[in-house]
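Coordinate-derived values only; no laboratory data. Everything quoted here is computed from the prediction, not taken from an experiment. We place every Cβ from the backbone using ideal geometry, glycine too, and count neighbours over all the protein chains shown.
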Amino acid sequence: MQLLPASCGNVRIHNGYNALQEDHPWMAALGYSDSNGTRIKWNCGGALINRRYVVTAAHCLDKRHLGDEVLTTIRLGTEYLEPTQGAHAYQIFSPEAAVLHPNFDKYQLVYNDIALVRLNRDVVFNEHVRPVCLPPAGIDLEGLLTEQMPVAIGWGRTMYASRSSILQEIRLPFVPLARCRDTYPLFKLVDQQICFGGLHGRGTCNGDSGGPLLIGNVVIGLLSKGGKCATAGQPDVFTRVDAYVDWIKENLRP
């Protein structure tokens, strides 16, 4: 049974700082409620891959990382973190189930930082909501990255606020794994991880976790961890999605 869409993505890429939803119609905001259930915090991002599943970082769903917060809401179809009356229609879902990679954080090194969230009903595809494309397993990412710079997107912390009210995008340069290992020897990085960024004042930050790194309409990474936000010489570490395409397909259900 074909569980991934025959067509995916969108050909447009916007080159500003604020991102348009039409450019990234797969972007999902993950909202968490505290033990009182009175407030939603938008702490992570993810990417829609079909009508029922969002892919994100496993640490965005792991109880050891969440404390007393629980994922309660997944929102698709708007670039605004707090949609206003003038925003176009968006879609709200609750999580029906979550599948974390079985070897996530096995050695407390945040390896295999990838998970799937199954939504409680089918998504309605439209101009503002469409699935992202998965990369072919074993793609030559390093070769591809010599030709173009990928885009990271999210609503994370900026220099002006704890969360951006509008979806942000930024192009990040590739950092070879050997250099990234030298920067973070305690991370003990493996081949299923890939690094980008390390520029002064430009990079991902708190609240961007789980968000996609994209080349065109293909998700190549999910933000996992890094050093101090947007600091020179401290790149961001992403989970390589191509290393987990088979795992993703094996864990989808109708």
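Using the crude model of +1 on Lys and Arg Cβ and -1 on Asp and Glu Cβ, and no other charge, please compute the dipole size for the chain relative to its Cα centre, in debye to 20. Provide the component values of the computation, followed by the final result.
Details: 24 positive and 24 negative charges, 75 e Å.
Rounded to the nearest 20 debye, it is 360 debye.
Only sites in a loop by DSSP and with at most 13 other Cβ atoms within 10 Å count here; which trypsin sites (Lys or Arg not before Pro) in segment 109-218 make the cut?
Working: sites: Arg118, Arg121, Arg157, Arg163, Arg171, Arg179, Arg181, Lys188, Arg202; in loops: Arg121, Arg157, Arg163, Lys188.
In loop regions of segment 109-218 (DSSP not H, G, I, E or B), the sparsely surrounded trypsin sites (Lys or Arg not before Pro) are Arg121, Lys188.
Would you mind ranking Asp208, Asp242 by Cβ crowding within 10 Å, fewest neighbours first? Provide the component values of the computation, followed by the final result.
Numbers: Asp208 26, Asp242 20.
Ranked by crowding around the Cβ, least crowded first: Asp242, Asp208.
From the list (1) 58; (2) 45; (3) 54, can you say which value of percent of Cα pairs over 23 Å apart was derived from the structure given?
(2)
In terms of Cα to Cα distance under 17 Å, which aspartates and glutamates are near enough to Lys249, apart from those fewer than 8 places away along the same chain?
Leaving aside aspartates and glutamates fewer than 8 places away in the same chain, those within reach of Lys249 are Asp113.
Please identify the longest segment of the chain free of exposed chymotrypsin sites (Phe, Trp or Tyr not before Pro), where exposed means a DSSP state other than H, G, I, E or B and no more than 13 other Cβ atoms within 10 Å.
Free of exposed loop sites, the longest segment is 161-254.
May I ask you to evaluate 6.51 cos²θ - 1.76 cosθ + 1.60, the Karplus curve with θ = phi - 60°, for each residue of segment 90-103 and list the ³J(HN,Hα) values in order in whole Hz, giving x for glycine and proline?
Residue by residue, segment 90-103 yields 10, 10, 10, 9, 10, x, 7, 7, 9, 10, 8, 4, x, 9 Hz.
Please rank Thr56, Thr146, fewest neighbouring Cβ atoms within 10 Å first, as an exposure proxy.
Neighbour counts put them in this order, fewest first: Thr146, Thr56.
Using helices alone, I'd like the mean residue ellipticity at 222 nm for the chain: each DSSP H run of four-plus residues gives -39500 (n - 2.57), total over residue count, nearest 500. Before the final figure, lay out the partial values.
On the way: 4 runs with 21 residues, N = 254.
Helices in the chain give a 222 nm mean residue ellipticity of -1500 deg cm²/dmol.
In terms of Cα to Cα distance under 18 Å, which lysines are near enough to Lys63, apart from those fewer than 8 places away along the same chain?
Within reach: Lys41, Lys106, Lys225.
Can you work out the Karplus-derived ³J(HN,Hα) for every residue in segment 242-247? Use 6.51 cos²θ - 1.76 cosθ + 1.60 with θ = phi - 60°, whole Hz, and x for glycine or proline.
Running phi through 6.51 cos²θ - 1.76 cosθ + 1.60 with θ = phi - 60° gives 4, 6, 10, 4, 4, 4 Hz.
Explain nothing, just the number: relative contact order of the chain, from Cα pairs under 8 Å at least 6 residues apart, as a whole percent. Write out the running numbers ahead of the final one.
On the way: 606 pairs, mean separation 55.7, N = 254.
Here the relative contact order equals 22 percent.
Under a 5 Å amide H to amide H cut-off, with H placed in plane at 1.01 Å, what residues pair with Trp26 once short-range neighbours are removed?
Here the answer is Arg130, since their amide H atoms fall under 5 Å of that of Trp26.
Please state the shape class of segment 141-242: rounded when a/c is under 1.5, otherwise prolate if a/b exceeds b/c and oblate if not, all from the C-alpha gyration tensor. Spell out each step's value before the answer.
Working: a/c = 1.70, a/b = 1.23, b/c = 1.39.
Oblate, since a/c reaches 1.5 and b/c is not below a/b.
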